[in-house]
Amino acid sequence: MNIFRLAGDMTHLASVLVLLLKIHTIKSCAGISLKTQELYALVFATRYLDLFTDYISLYNTLMKLIFLVSSFSIVWYIRHHKIVRRSYDKDQDTFRHYFLVLPCFLLALVINEKFTVKEIMWTFSLYLEAVAILPQLVLLQRTRNIDNLTGQYVFLLG
């Protein structure tokens, strides 16, 4: 554990809390890319495969659970919540995010620390996380309408 990891975890946690606050309080996901949220859910699902096999610390386990649950919760809200899903603009969120997944996976197969399933998936999650924000940035550029909470979310995520 070091100060940079703690700072990274806390800013990411703050971005998730801002986004959940927006979705929960104003019942809107306007300006939020579902595709970015799906990519982050995939990032955390593949990165934290060791959640139930390798115990590092209580902090580590709690952060993994928080990131997993929050990522899938956001995707659920946007896809299934009866009010929130109406504010999702799929006509603007058209980035083909599945084109990011295969190159990241192939890169993880080639460039990794150790050729094991867990290591390849962890490496894949690192590569995918580096590009997962792209659909959100494209959506913001298309709509050119950035509300305060969405702007704070993207800033903290960066």
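The values are calculated or read from the model by the stated rules, or taken from the named source; none is laboratory data. Remember, it's a predicted structure, so these values are computed and weren't measured experimentally. FYI the Cβ positions are ideal-geometry reconstructions off the backbone, even for glycines, and counts take in every protein chain you see. For accessibility, only protein heavy atoms count, side chains too; no ligands or nucleic acids. Shrake-Rupley method; radii C 1.70, N 1.55, O 1.52, S 1.80 Å.
Some observations on this one:
A quick yes/no check of all residues on (1) in contact with a Lys or Arg (Cβ under 9 Å, 6 or more places away or on another chain); (2) of a type in the set (A, V, I, L, M, F, W, C):
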position	(1), (2)
Thr25	no, no
Tyr40	no, no
Tyr59	no, no
Leu62	no, yes
Ser71	no, no
Tyr77	yes, no
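- Some residue of region 128-137 being touching a residue at least 40 places away in the same chain (Cβ under 8 Å), small (Gly, Ala, Ser), closer than 27 Å to Leu6 by Cβ and open to solvent by less than 90 Å² (accessible area, probe 1.4 Å): yes
- Selection from region 113-136 of residues that are in a helix (DSSP H, G or I) and farther than 20 Å from Ser71 by Cβ: Val117, Glu119, Ile120
- Criterion applied to Ala45, Ala30, Ala41 was being at pLDDT below 90 and hydrophobic (A, V, I, L, M, F, W, C), and the one residue passing it is Ala30.
- Within region 35-83, the set of residues being small (Gly, Ala, Ser) and over 20 Å from Thr123 (Cβ atoms) comprises Ser57, Ser70, Ser73.
Let's see how each residue does on (1) more than 30 Å from Lys82 (Cβ to Cβ); (2) open to solvent by 30 Å² or more (accessible area, probe 1.4 Å); (3) free of Cβ contacts under 8 Å to residues at least 24 places away in the same chain; (4) of a type in the set (A, V, I, L, M, F, W, C):
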position	(1), (2), (3), (4)
Phe4	yes, yes, yes, yes
Asp9	yes, no, no, no
Leu20	no, yes, no, yes
Cys29	no, no, no, yes
Leu34	no, no, no, yes
Leu39	no, no, no, yes
Phe44	no, no, no, yes
Asn60	yes, no, yes, no
